[in-house]
1. Among the residues of segment 83-100, how many are in a strand (DSSP E or B), within 22 Å of the chain's Cα centre (by Cα) and not β-branched (Val, Ile, Thr)?
2. Looking only at segment 50-71, filter to residues that are polar (S, T, N, Q) and over 23 Å from Ser102 (Cβ atoms); which one of those is farthest from the chain's Cα centre (by Cα)?
3. For Arg86, only one of the following conditions fails: (1) in contact with a strand residue (DSSP E or B) (Cβ under 6 Å, 6 or more places away or on another chain); (2) under 22 Å from Ile36 (Cβ atoms); (3) surrounded by 16 or more Cβ atoms within 10 Å (Cβ to Cβ). What is its number?
4. In this structure, does Glu59 turn out to be surrounded by 11 or more Cβ atoms within 10 Å (Cβ to Cβ), under 28 Å from Thr144 (Cα atoms) and without any contact (Cβ under 8 Å) to a residue 24 or more places away in the chain?
5. Of a type in the set (Lys, Arg), modelled with pLDDT of 95 or more and not assigned by TED's automatic domain parsing to the domain that holds Thr144 - does that describe any residue in segment 13-29?
6. Would you please name the residue that is surrounded by the fewest Cβ atoms within 10 Å (Cβ to Cβ), looking only at residues in segment 98-125 that are farther than 16 Å from Lys53 by Cβ and polar (S, T, N, Q)?
7. Scan segment 12-32 and report the pairs whose first residue is under 16 Å from Ala129 (Cα atoms) and whose second residue is part of a helix (DSSP H, G or I), with Cβ atoms within less than 9 Å and a gap of 6+ or a chain change.
Amino acid sequence: MLEEYDALRLENQLCFPLYACSKEIIRLYKPFLDNIDLTYTQYITMMVMWEKKELNVKELGEYLYLDSGTLTPVLKKLESKGYISRARSKEDERTLLVSLSSQGEELKKQAASIPEQIGQCVKLEPKEAKELYQLLYKALKGMTE
């Protein structure tokens with residue numbers, strides 16, 4: 001029979017290994033991202049931009065699970081580095097569009113090896129990594145619906 005406070009034991013918390021893993025993954029990324037002068041949040045933003053080329057801030061926030069208050073300083077910094085541009089939509093001035101610049105596209109070449117390098121740091125078999133990915137997205141979807 002479970003003790004009354006067993007639910008409060010750290011070892012019984014799903015949130016803790018998720019938190020610790022996230023923190024450690026970001027720590028592993030740091031030296032690779034330092035080489036291209038990006039933070040982790042800037043890097044994931046650029047990943048979306050490399051894929052989509054142009055989208056509005058709301059859509060970008062939905063991809064990254066970030067609100068505009070968190071995203072705005074990231075976008076300003078990326079714009080100051082020349083990787084993106086921001087402009088009001090001609091159709092609706094309330095909509096801020098983010099576009100990948102040619103310099104941002106060039107950065108993609110420098111970042112291309114990072115996923116493989118990180119993959120070598122995480123000791124999971126490809127099948128395990130795929131299963132974990134699917135489970136995490138299932139959990140994330142369940143929390144955001």
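The values are calculated or read from the model by the stated rules, or taken from the named source; none is laboratory data. It should be emphasised that the depicted structure is a prediction, and the values quoted were computed from it without experimental measurement. Cβ atoms come from the backbone with ideal geometry, glycine included; neighbour counts cover every protein chain shown.
1. Qualifying residue count, segment 83-100: 6.
2. First pass over segment 50-71, keeping only residues polar (S, T, N, Q): 56, 68, 70.
With over 23 Å from Ser102 (Cβ atoms) added as a condition, the list becomes 68, 70.
Details: Ser68: 14, Thr70: 12 Å.
Among residues in segment 50-71 that are polar (S, T, N, Q) and over 23 Å from Ser102 (Cβ atoms), the one farthest from the chain's Cα centre (by Cα) is Ser68.
3. So Arg86 meets the others, but not (3).
4. Numbers: surrounded by 11 or more Cβ atoms within 10 Å (Cβ to Cβ): yes; under 28 Å from Thr144 (Cα atoms): yes; without any contact (Cβ under 8 Å) to a residue 24 or more places away in the chain: yes.
Considered against the rule, which asks whether it is surrounded by 11 or more Cβ atoms within 10 Å (Cβ to Cβ), under 28 Å from Thr144 (Cα atoms) and without any contact (Cβ under 8 Å) to a residue 24 or more places away in the chain, Glu59 comes out as yes.
5. Scanning segment 13-29 turns up at least one residue that is of a type in the set (Lys, Arg), modelled with pLDDT of 95 or more and not assigned by TED's automatic domain parsing to the domain that holds Thr144.
6. Gln120
7. That search, which allows pairs on different chains as well, returns Leu18/Leu136; Leu18/Ala139; Ile25/Tyr40; Ile25/Ile118; Ile25/Cys121.
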